[in-house]
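Following: one structure in structure tokens, then a few remarks.
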Amino acid sequence: MTKSIALLPEHVANQIAAGEVIQRPSSIVKELMENAIDAGATNINLIIKDSGKTLIKVIDDGCGISNTDLSLAFQRHATSKISNAKDLFSLKTKGFRGEALASICAISHVYTVSRTPEDSTAKFIKIAGSKIENEDFTVANIGTSFSVKNLFYNIPARRNFLKSDSVELRHIIDEFHRVVLAHPDINFSFSQNGKEIFELKKTNFRKRISSVFGLKVANLLVPISEDTPVVKISGFVIKPLGSRKSRGQQFFFVNNRFIKSPFLNHSVNSAFEGLLSSGYYPGYFILLEIDTNKIDVNIHPTKTEIKFEDEQSLYSILRSTIKHSLGIFQVTPTLDFDRDSSMDTPYSYKERAPTSPNISVNSSFNPFKDDLKIYSYDSKKDTTQIEFESESVQEILNIDDYDFNPKQIKVFQLFNKYLVTALPSGLMIINQKRAHQRVIYEELLSNLSLEKIPSQSLLFPFEISVDSSELTYFFDNVTELLAMGFEFNMKEKSKVITFTAIPALFDKNQVEKLFENFFSDKFKYEGFSKADVISKKLCRSMTINNGKSLNIEEQQQLLASLFACKEKNLSPFNRPIFINFDMQEIDKKIN
Ligand code: ADP
Ligand code: MG
């Protein structure tokens, strides 16, 4: 049967368009804040509830929308910013597609109040699912206030797709960062569930970076500057010392618009070549001014991607500008290129608190009862196979030899990566990193169940600087961190966490690095309890790495601790810890 062609009803078309522009609460935050900026606001307040799922409100003191235009603003392709195609090539505003408001009101409840200086009264409008429910005159200051409630109320699939509050809040904070960094000359505030997260006063670019990311980052900024006919470059790069394992501090702004650009990012990376340890990313806040005729921002609905006319020149100019600045500020000579961060924190059980010996903690362990599965791991296929299940640990480990007295364990280290130990029934090869992860993980978890946590007070409390999303994340996990033996206080304004005590298990020199990893860990931990996630994250960054040479006592202690663990076979991330070659297998091959 042939189906006849019909135009989609306006509200359906708007819902479809909304899918492109509005992915999550943070997309609305971006659009509303950008509209406020385009309206010339000098004060912009962002208020959200439940990470934007319940409410997103943006109040500005910009030019306002006239009484007659208010309902028009919500129609698709309604914009005051361009009037013909030529204008597309000289864009000075953030918006121009006239799509955002139409999209937002198609998928939520919107309440807007606005007043221009010319109008003597304000007007409000109430829209739900693209339908105007109410519109009338009211009293308000000059400017606009936008409330967006019940996001995706009419598209359950999209609503269910939203992530946890802390993930959505992170996205919002990311968007907020992008907007406030691009506009240091505007006052911003941001609160969530009645709690103030930011209060940013009008300032310069450097100080804005400092108030968003803290003094630690601000102290590591190296200014960059270049002026050519192709591009004018200004802003800062972070000294290699401040490089991170995450890309959270990478910002390009082209004509005050935040953009993502893999090729410009590549150019920065190449300027940092040889200065960063592997796995670390440079931080930067780079402002590019380019003639609007030489760029095309019209290629992406959310306008975060951009096309440049002369990419190649841009690439080389940026690279040499950064190299030049890193040179002038003598960043290069102070660095130890071959520094291996895994060597920074010596792995030594001797330094551990004597109050919590591993073996006694796991008193429930009974080697004669516990079944041990033997796994073999095929690294090529990345699969694990259970080869056989032995009767008991006793059969595998020579209990008389071991007796969980570490000094008796016969072991040697292979490739600085594996521990090899002989068993009466064969040979066992243990992945040292995974074994250590398991040991630390169980110890952290067992701390949680102790009444008195083995914790060490610090004679000299030390501070770590965080950004606001990190602070929020830390705050979310406060109860569990306290239960583990951390003691600290947090200063919200200066974004500093001061540790006064840490779990006995930790070396205080490790803690800063530990939390850096803690915040940047991208492993998907869905479905685990908070305590479990924290233990997993911390154990991941505390453990010895492959490539670390261990002395004989360390090897013995690690094995003894592993075999005293409740689960010996798998790392906390479900990877096999060891493989076993039984005697028959060996006999078959070489007897
Ligand atoms: P665009 O920003 O692409 O023009 P939007 O849908 O975001 O499209 O907004 C439509 C129009 O509504 C804008 O062009 C502008 O005229 C008006 N508008 C939206 N928000 C504001 C605001 N906060 N202050 C003044 N005018 C606004
Ligand atoms: Mg807009």
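Take the cross-link list Lys53/Lys126; Lys163/Lys530; Lys239/Lys548; Lys207/Lys239; Lys216/Lys537 and give me the ones stretching past 21 Å between alpha-carbons.
Cα-Cα > 21 Å for Lys239/Lys548; Lys216/Lys537; rest within.
Indicate the gyration tensor shape class of segment 92-143 (rounded, prolate or oblate), computed on the Cα atoms with a ≥ b ≥ c the square roots of the eigenvalues: a/c under 1.5 is rounded; otherwise a/b larger than b/c is prolate and the rest oblate.
It is oblate, given that a/c is not under 1.5 and a/b is not larger than b/c.
Work out the FRET efficiency for Asp185 and Glu305 from their Cβ-Cβ distance, taking R0 = 30 Å, and round it to the nearest 0.05.
With R0 = 30 Å, the Cβ-Cβ based efficiency is 0.75.
Work out how much length Arg247 to Ser449 would gain on full extension: take 0.36 nm times their residue separation and subtract the Cα-Cα distance, in nm to one decimal. Kindly include the intermediate steps, with their values, before the conclusion.
Values: separation 202, 0.36 × 202 = 72.72 nm, distance 3.57 nm.
Full extension of this stretch gives 69.2 nm more.
Just subtract the alpha-carbon distance of Glu133 and Thr121 from 0.36 nm times their residue separation and send over the number in nm, one decimal.
Between Glu133 and Thr121, full extension yields 2.3 nm more.
Which of the chymotrypsin sites (Phe, Trp or Tyr not before Pro) across segment 136-166 are loop residues per DSSP, with 14 or fewer other Cβ within 10 Å?
For chymotrypsin sites (Phe, Trp or Tyr not before Pro) across segment 136-166 that sit outside H, G, I, E and B with at most 14 neighbouring Cβ atoms in 10 Å, the list reads Tyr153.
Hey, for a label at Thr479 modelled as a point 7 Å past Cα toward Cβ, could you say which residues of segment 435-449 have their backbone N under 20 Å away?
Within reach of a label on Thr479, which here means backbone N under 20 Å from a point 7 Å along Cα→Cβ, segment 435-449 contributes 444-449.
With only alpha-carbon atoms counted, please give the Rg and Dmax of segment 162-305, in Å.
In Å, with Rg to one decimal and Dmax whole: 15.8, 48.
Figure the gain on full extension for Glu526 and Asn269 (residue separation times 0.36 nm, minus the Cα-Cα span) and round it to one decimal in nm.
Working: separation 257, 0.36 × 257 = 92.52 nm, distance 3.20 nm.
In short, 89.3 nm is gained.
Need one word for segment 126-166: rounded, prolate or oblate. Basis is the Cα gyration tensor (sqrt eigenvalues a ≥ b ≥ c); a/c below 1.5 gives rounded, then a/b vs b/c decides.
On the way: a/c = 5.22, a/b = 1.84, b/c = 2.83.
Here segment 126-166 falls in the oblate category.
Which GluC sites (Glu not before Pro) in segment 423-527 pass both tests, a DSSP loop state and at most 16 other beta-carbon atoms within 10 Å? Numbers along the way, then the final one.
Values: sites: Glu442, Glu443, Glu451, Glu463, Glu470, Glu480, Glu487, Glu492, Glu512, Glu516, Glu526; in loops: Glu451, Glu492, Glu526.
Hits after loop and neighbour filter: Glu451, Glu492, Glu526.
How much of the accessible area of segment 442-591, probe 1.4 Å, is carbon plus sulfur, in whole percent?
Details: 3670 of 6970 Å².
In segment 442-591, the share of accessible area belonging to carbon and sulfur is 53 percent.
Karplus couplings for segment 99-115 from phi (6.51 cos²θ - 1.76 cosθ + 1.60, θ = phi - 60°), rounded to Hz, Gly and Pro as x?
Values, residue by residue: 10, 4, 5, 4, 5, 4, 6, 7, 10, 7, 9, 10, 10, 10, 10, 8, 8 Hz.
With each pseudo-label sitting 7 Å past Cα toward Cβ, what's the Glu10-Asn193 distance in nm, one decimal?
3.9
Once you put a point 7 Å from the Cα of Asn154 and another 7 Å from the Cα of Asn204, both along the Cβ direction, what distance in nm separates them?
With each label point 7 Å from Cα toward Cβ, the separation is 5.0 nm.
Between Gln75 and Lys260, how high is the FRET efficiency from 1/(1 + (r/R0)^6) when r is the Cβ-Cβ distance and R₀ = 22 Å? Nearest 0.05.
0.15
The values are calculated or read from the model by the stated rules, or taken from the named source; none is laboratory data. Because the structure is a prediction, the values reported are computed rather than measured. Neighbour counts are summed over all protein chains in view; Cβ atoms, including those assigned to glycine, are modelled from backbone coordinates with ideal geometry. Accessible surface is based on the protein model in full, side chains and every heavy atom, while ligands, DNA and RNA are left aside. Shrake-Rupley method; radii C 1.70, N 1.55, O 1.52, S 1.80 Å.
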